[in-house]
Amino acid sequence: MKGGTSVALRWLTAGESHGPCLTGILDGMPAGLGLSADDLARDLWRRQQGYGRGGRMKIESDRAEILAGVWRGKTTGGPIALRVENRDWPNWKDKEYELPVMTVPRPGHADLAGLLKYGLEDIRPVLERASARETTMRVAIGAIAKKLLAEFGIVIRSQVLQIGTARATPGDLSDPRVVERVEASSVRVADPESEERLRAAIDCAKDRHDTLGGVFEVVAFGVMPGLGSHVQWDRKLDGRLAQAVMSIQAIKAVAIGDGFQAGERFGTEAHDGMEMREGKVTRLTNRAGGLEGGITNGQPVVVRAVKKPISTTATPQPTVDLATGENVPSQYVRSDVCAVPAAAVIGEAMVAYVLADALLEKFGGDNIVETHRNVDAFVRSLP
Ligand SMILES: Cc1cc2nc3c(=O)[nH]c(=O)nc-3n(C[C@H](O)[C@H](O)[C@H](O)COP(=O)(O)O)c2cc1C
């Protein structure tokens with residue numbers, strides 16, 4: 001950790017929504033981790049699912065290529081370079097100079113703020129980069145982080161808790177049968193009644209020519225104690241998780257454990273008591289979501305996030321034409337009605353990245369064997 005930026009892992013993405021491709025570089029993975037493009041395929045597919053998605057998901061089926069950092073199926077310790085082709089590119093490649101200059105900013109998008117900041121006349125370059133298409137690369141990078149975490153028995157799950165005001169009955173994500181049902185669900189919930197309720201909410205938004213957001217939860221199981229630190233503000237893992245998840249397009253609130261609900265409780269009802277069970281310190285609850293003092297405490301790490309409704313609505317919203325100064329209605333272009341299930345998959349990727357970074361920060365290792373040795377020695381030393 002140096003100057004607030006972790007030096008264990010780092011990554012960058014580049015690419016526009018309708019450009020030829022998205023690219024990403026992940027630096028700092030130890031050598032010797034088995035990795036192929038197939039490891040990334042499932043999460044890329046999961047990001048594209050969900051009831052309420054728009055037409056683009058039908059055009060594209062994302063596939064990542066690994067361009068560097070893997071030799072004979074194993075990571076080399078060098079930067080891993082990734083590329084995901086935009087299948088929509090052939091429809092756009094000649095349009096750069098043909099499309100009219102866009103001067104009407106859409107409420108809820110980066111359009112106006114980005115245009116003002118970068119001194120642009122055309123909104124399009126802002127929206128092309130601000131688009132959640134960028135999260136495709138986040139998910140590919142997150143899948144590599146998950147692969148590393150899986151080596152140490154850490155698995156990441158997610159579910160949708162709410163769409164608009166419709167609430168799902170939360171499933172127990174430690175139960176593989178529940179996880180199977182969530183994965184099979186079009187809205188990432190565990191039971192048919194919840195599925196019906198949430199789908200009805202999306203249908204209602206669609207009928208009203210409107211959109212909806214909601215709440216999802218990401219849970220990491222098998223996390224050892226000791227990741228993150230209480231000693232400095234920028235090493236606190238709760239803060240690092242919140243920043244990472246909040247950086248996902250359209251996320252407006254992040255909570256760890258009971259989050260906002262903790263503010264409503266008495267102290268005796270808000271914390272996680274302990275007792276000795278068969279010689280082991282055991283928690284009675286997990287209200288803290290696996291983090292105390294910014295350090296993992298051995299309980300599952302629970303992160304919840306609120307996604308605002310999709311900004312582009314079929315019903316026009318008031319805006320202005322910056323070229324004429326006139327008040328005009330916003331223009332509608334093909335868009336999602338609800339993308340909360342996809343956002344949950346992106347949330348998994350961000351949580352996986354932060355945990356992988358914190359794991360490597362604590363245990364190091366230029367080769368996965370070395371990381372294993374360090375993790376195993378620490379876990380064995382725990383009381
Ligand atoms: C998975 C996902 C899909 C999205 N799809 C759309 C979409 O189809 N149309 C749209 O207007 N906004 C969509 N958004 C939201 C915009 O990207 C987001 O509201 C915009 O970039 C503004 O970001 P901010 O609210 O974080 O500032 C999507 C967001 C996510 C996470």
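Being more than 15 Å from Leu112 (Cβ to Cβ) and surrounded by 12 or more Cβ atoms within 10 Å (Cβ to Cβ) is the filter here; which residues of the stretch 312-341 pass it?
Thr313, Ala314, Pro316, Tyr332, Ser335, Asp336, Val337, Cys338, Ala339, Val340, Pro341
Evaluate the stretch 146-158: report whether one residue or more is part of a helix (DSSP H, G or I), within 11 Å of the ligand (Cβ to nearest atom) and closer than 18 Å to Gly347 by Cα.
no
Of the conditions (1) closer than 27 Å to Ser311 by Cα; (2) of a type in the set (S, T, N, Q); (3) surrounded by 15 or more Cβ atoms within 10 Å (Cβ to Cβ), Ser229 clears all except one; give me its number.
Among (1) closer than 27 Å to Ser311 by Cα; (2) of a type in the set (S, T, N, Q); (3) surrounded by 15 or more Cβ atoms within 10 Å (Cβ to Cβ), Ser229 violates only (1).
With the checklist (1) assigned to a loop (DSSP other than H, G, I, E, B); (2) touching a residue at least 60 places away in the same chain (Cβ under 8 Å) in hand, flag the one item Ile346 doesn't pass.
(1)
Testing Val126 on (1) part of a helix (DSSP H, G or I); (2) farther than 30 Å from Thr371 by Cα; (3) touching a strand residue (DSSP E or B) at 6+ places or on another chain (Cβ under 8 Å), one condition comes back false. Which one is that?
(3)
Looking only at the stretch 166-188, which residues are of a type outside the set (Gly, Ala, Ser) and outside any helix (DSSP H, G or I)?
Within the stretch 166-188, Arg167, Thr169, Pro170, Asp172, Leu173, Asp175, Val187, Arg188 meet the criteria.
Any chance the stretch 123-134 includes a residue that's surrounded by fewer than 19 Cβ atoms within 10 Å (Cβ to Cβ), within 13 Å of the ligand (Cβ to nearest atom) and basic (Lys, Arg)?
Checked the stretch 123-134: at least one residue is surrounded by fewer than 19 Cβ atoms within 10 Å (Cβ to Cβ), within 13 Å of the ligand (Cβ to nearest atom) and basic (Lys, Arg).
If I filter the stretch 316-336 for residues that are of a type in the set (Val, Ile, Thr), within 16 Å of the ligand (Cβ to nearest atom), within 28 Å of the chain's Cα centre (by Cα) and modelled with pLDDT under 95, do I get at least one hit?
Checked the stretch 316-336: at least one residue is of a type in the set (Val, Ile, Thr), within 16 Å of the ligand (Cβ to nearest atom), within 28 Å of the chain's Cα centre (by Cα) and modelled with pLDDT under 95.
For the stretch 24-43, indicate whether the set of residues that are more than 30 Å from Val369 (Cα to Cα) and either at pLDDT below 95 or touching a Phe, Trp or Tyr at 6+ places or on another chain (Cβ under 6 Å) (or both) is non-empty.
Within the stretch 24-43 (the criterion being more than 30 Å from Val369 (Cα to Cα) and either at pLDDT below 95 or touching a Phe, Trp or Tyr at 6+ places or on another chain (Cβ under 6 Å) (or both)), the answer is no, since none of the residues qualifies.
Scan the stretch 133-143 and tell me whether some residue there is of a type outside the set (Phe, Trp, Tyr) and farther than 20 Å from Arg47 by Cα.
No, the stretch 133-143 has no match at all.
Tally the residues that are surrounded by fewer than 23 Cβ atoms within 10 Å (Cβ to Cβ) and touching a residue at least 60 places away in the same chain (Cβ under 8 Å), restricting the search to the stretch 205-216.
Qualifying residue count, the stretch 205-216: 7.
When you check Arg304 against the structure, is it assigned to a loop (DSSP other than H, G, I, E, B) and within 16 Å of the ligand (Cβ to nearest atom), yes or no?
So Arg304 does not fit the description; no.
Which residue out of Gly78, Gly108, Gly50 is small (Gly, Ala, Ser), surrounded by 18 or more Cβ atoms within 10 Å (Cβ to Cβ) and either out of contact with any strand residue (DSSP E or B) (no Cβ under 6 Å at 6 or more places or on another chain) or assigned to a helix (DSSP H, G or I) (or both)?
Going through Gly78, Gly108, Gly50 in turn, just one is small (Gly, Ala, Ser), surrounded by 18 or more Cβ atoms within 10 Å (Cβ to Cβ) and either out of contact with any strand residue (DSSP E or B) (no Cβ under 6 Å at 6 or more places or on another chain) or assigned to a helix (DSSP H, G or I) (or both): Gly50.
All but one of (1) within 16 Å of the ligand (Cβ to nearest atom); (2) assigned to a loop (DSSP other than H, G, I, E, B) hold for Pro100; which doesn't?
If we test Pro100 against (1) within 16 Å of the ligand (Cβ to nearest atom); (2) assigned to a loop (DSSP other than H, G, I, E, B), just (1) comes out false.
Inside the stretch 198-297, counting only strands (runs of 3 or more DSSP E) that do not spill past its ends, which hold 1 or more residues that are within 16 Å of the ligand (Cβ to nearest atom)?
214-221, 251-256
Checking Arg83 against (1) touching a Cys at 6+ places or on another chain (Cβ under 8 Å); (2) part of a helix (DSSP H, G or I); (3) of a type in the set (Lys, Arg), which test does it fail?
(2)
Can you name the number of the only condition in (1) within 15 Å of the ligand (Cβ to nearest atom); (2) closer than 22 Å to Gly347 by Cα; (3) not aromatic (Phe, Trp, Tyr) that Thr313 fails?
(2)
The values are calculated or read from the model by the stated rules, or taken from the named source; none is laboratory data. The model shown is predicted, which means the values in this text are computed figures rather than measured ones. Note that we place each Cβ from the backbone using ideal geometry, even for glycine, and neighbour counts take in every protein chain shown.
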